[in-house]
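Data block below; observations after.
The values are calculated or read from the model by the stated rules, or taken from the named source; none is laboratory data. The structure presented is a predicted model; accordingly, all values stated were derived computationally and were not measured. Cβ atoms come from the backbone with ideal geometry, glycine included; neighbour counts cover every protein chain shown. Side chains included, ligands, DNA and RNA excluded: accessible areas come from the protein's heavy atoms. Shrake-Rupley method; radii C 1.70, N 1.55, O 1.52, S 1.80 Å.
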Amino acid sequence: MSLRHNIIIASCLTLFLSCQKMEIPDNTPAVKNDRVDVAQVNDKTNAMSHVILLVDTVSEDKAEVMYISLQEWSDITSNFSAGQGTEMHRIASEYREGDFTGWHIPTLAEVKRIKAYYDEEPGRLDILNDNLEMRCATPVYLTDATAKTYRYLCSNGDSTFSFRKGYATLKAGATVKYNLRLVKDSVMTLVPNEIEFAY
């Protein structure tokens, strides 16, 4: 990890911890304080070169983080196409963002978490896109110029999902072309004076 990266993430510790202590809405399901607000974390860490899609608190000193790729690909075929998703799998295996490797196509379980978070409050997607555009990255699209729903590949290219609220995950088609956005899981370790990432 570069010295610059260490300095940036070290400066974020206090702000990140303050996000953990924020008030959780009364309608938050399951255990209270089990999720850190993604928008606030991205806002407070906007000097970093990566964008956080989800943050799940694991314990007082560790959190599971899901990043979304800055790059988006279009006209990508699924596993059911004649080429069996060759380009999709090549992109996933080769993609890097600085020191970050190990990016992958979202799994169905990950998509379920993504949908639950962003469907709950659609305004969160606007904030995510603000953070992407702040880094000169492609925003997440809901529809194209003809109002057709953008669908993203998931489940190793066997299924697709949309960031539009209420839209279900569907089986991918053999001839349809889709968009692709990769994700990366990491563990954020909170220790005095620094935040460390397990690559």
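With a 1.4 Å probe and all protein chains left in place, how much of the accessible area of the range 108-152 comes from carbon and sulfur atoms, in whole percent?
Carbon and sulfur together cover 57 percent of it.
How far apart, in nanometres, would the label points at Ala82 and Glu94 be if each is projected 7 angstrom from Cα along the Cα-to-Cβ direction?
Each label point is offset 7 Å from its Cα along the Cβ direction, giving 2.2 nm.
By accessible area of protein heavy atoms, probe 1.4 Å, what ranking do Cys136, Cys154 get, highest first?
Descending order: Cys136, Cys154.
From the phi angles alone, apply the Karplus equation (6.51, -1.76, 1.60; θ = phi - 60°) to the range 166-181 and give each ³J(HN,Hα) in whole Hz, x where the residue is Gly or Pro.
Those phi angles translate into x, 7, 7, 6, 10, 5, 6, x, 7, 10, 6, 10, 10, 8, 9, 9 Hz.
How large is ³J(HN,Hα), in whole Hz, for each residue of the range 150-165 in order, when computed from phi with the Karplus curve 6.51 cos²θ - 1.76 cosθ + 1.60 and θ = phi - 60°, using x for Gly and Pro?
Here the 3J(HN,Hα) series is 6, 10, 10, 5, 8, 6, 6, x, 8, 9, 9, 9, 10, 7, 5, 4 Hz.
At a probe radius of 1.4 Å, what is the per-residue accessible area of Asp158, in Å² to the nearest 10?
Solvent-accessible area, nearest 10 Å²: 50 Å².
What distance in nm separates the two pseudo spin-label positions at Cys136 and Ser74, each 7 Å out from Cα along the beta-carbon direction?
2.0
Taking the Cβ of Tyr167 as the centre, find all other residues whose Cβ is under 11 Å away and add up their charges (Lys, Arg: +1; Asp, Glu: -1).
Result for the local shell: +3.
Going by accessible area, probe 1.4 Å, with all protein chains left in place, what is the ranking of Leu142, Leu132, largest first?
Leu142, Leu132
About the Cα centre of the range 112-164, what is the dipole size in debye to 20, counting +1 per Lys and Arg Cβ and -1 per Asp and Glu Cβ, all else neutral?
Charge dipole, the range 112-164, about its Cα centre: 200 debye, nearest 20.
For Arg164, what accessible surface area do you get with a 1.4 Å probe? Give it in Å², rounded to 10.
Around 70 Å² of this residue is reachable by solvent.
Figure the gain on full extension for Arg113 and Lys62 (residue separation times 0.36 nm, minus the Cα-Cα span) and round it to one decimal in nm.
Extending this stretch completely gives an extra 16.5 nm.
Going down the list Lys148/Lys184; Lys148/Lys171; Lys115/Lys171, which pairs span over 24 Å between their C-alpha atoms?
Lys148/Lys184
Tell me, what is the 1.4 Å probe accessible area of Lys62, in Å² to the nearest 10?
My reading of the accessible area for Lys62 is about 80 Å².
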